[in-house]
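*Asks:* I am attaching a structure below and will ask some questions about it afterwards.
Each value in this text was obtained by applying a stated rule to the coordinates, not by laboratory testing. All figures in this text were calculated on a predicted structure; none of them were measured in a lab. Every residue, glycine among them, receives a Cβ derived from its backbone with ideal geometry; neighbour counts consider all protein chains shown.
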Amino acid sequence: MAGKKSQQSNKKDTQNMVVCRNRRARHNYEIVDEVDCGIVLVGSEVKSIRDGRISVDEAFARIERGELFLYNVDISEYAQASYLNHDRHRVRKLLLKKRELDKIAEPALQKGMTLVPLEVFFSRGFVKVKIAVARGRKEYDKREKIKKNQDQKTLREAVRKRV
């Protein structure tokens, strides 16, 4: 019985596996809203993503003709795909329900707002992208946030040492 339970927990861990994160996004932007989207890919792209050969550091999303598209995602070519390989930097369509798209479209079209990918992950075998509606931070905002985080860290350490 114990063996069966451990197999199920391993299965759950691999079902929601994060492949890559955009670490700079939370530093450079103030996140207003987040939504998970599917992404239209070809087979060699999925295999490259499973190998962890994807980067969303310079990526962004745009709404065009009522659909959401992802730009500048770098998915390396899959070595075993030979002549059936994909274009590394092609524009990829994101899949959302109409009400989810409406939910992020209005804030994203406001001045100073943008759509940035936060992470790429697998959910039940499907590749998903977490897209955030974000507002760009100024340099002084970034310094302020770093200082605030440092203060919180020192407070936590002081409480832990005291107790």
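*Asks:* Roughly speaking, what % of Cα-Cα pairs in the chain are separated by over 29 Å, rounded to a whole number?
*Replies:* That fraction is 35 percent.
*Asks:* Charges on Cβ only, +1 for Lys and Arg, -1 for Asp and Glu, centred on the Cα centroid of the range 12-163; of M113, V56, L155, which one is farthest towards the dipole's positive end?
*Replies:* Result: L155.
*Asks:* Assign unit charges at the C-beta atoms only (+1 for Lys and Arg, -1 for Asp and Glu), then state the dipole size of the chain relative to its Cα centre in Debye, rounded to the nearest 20.
*Replies:* 840 debye
*Asks:* With θ taken as phi - 60° and the coefficients 6.51, -1.76 and 1.60, list the Karplus ³J(HN,Hα) couplings across the range 91-108 in order, rounded to whole Hz; mark glycine and proline as x.
*Replies:* 6, 10, 7, 9, 9, 9, 6, 4, 5, 5, 5, 4, 4, 9, 5, 4, x, 5
*Asks:* Follow-up. Enumerate the calculated ³J(HN,Hα) couplings along the range 63-70 in order (Karplus 6.51 cos²θ - 1.76 cosθ + 1.60, θ = phi - 60°), each rounded to whole Hz, writing x wherever the residue is Gly or Pro.
*Replies:* So the J values, rounded to whole Hz, are 9, 9, 6, x, 10, 9, 10, 10.
*Asks:* Then there's this: Report, by chain and number, residues whose modeled amide H sits under 5 Å from the one on N22, excluding near sequence neighbours (fewer than 5 apart, same chain).
*Replies:* It is E119, by chain and number.
*Asks:* Quickly work out the N72-to-V40 label distance, labels modelled 7 Å from Cα along the C-beta direction, and quote it in nm with one decimal.
*Replies:* With each label point 7 Å from Cα toward Cβ, the separation is 2.2 nm.
*Asks:* A further question follows. Quick one: if the Förster radius is 25 Å, what FRET efficiency do K98 and D51 give, using the C-beta to C-beta distance and rounding to 0.05?
*Replies:* 0.15
*Asks:* Past 19 Å, Cα to Cα, is the threshold; run K97/K130; K93/K138; K98/K128; K103/K148 against it and keep the listed order.
*Replies:* Too far apart for the 19 Å limit: K93/K138; K103/K148.
*Asks:* In whole Å, what is the distance between the alpha-carbon centres of the range 24-89 and the range 111-158?
*Replies:* 19 Å
*Asks:* Would you calculate a helix-derived [θ] at 222 nm for the chain, using -39,500 (n - 2.57) for each DSSP H run of n ≥ 4 and dividing by the full residue count, to the nearest 500?
*Replies:* -11500 deg cm²/dmol
*Asks:* Another question, then. How big is the dipole moment of the range 42-104 about its Cα centre under a simple scheme where the beta carbon of each Lys and Arg is +1, that of each Asp and Glu is -1, and everything else is neutral? Debye, nearest 20, please.
*Replies:* Charge dipole, the range 42-104, about its Cα centre: 340 debye, nearest 20.
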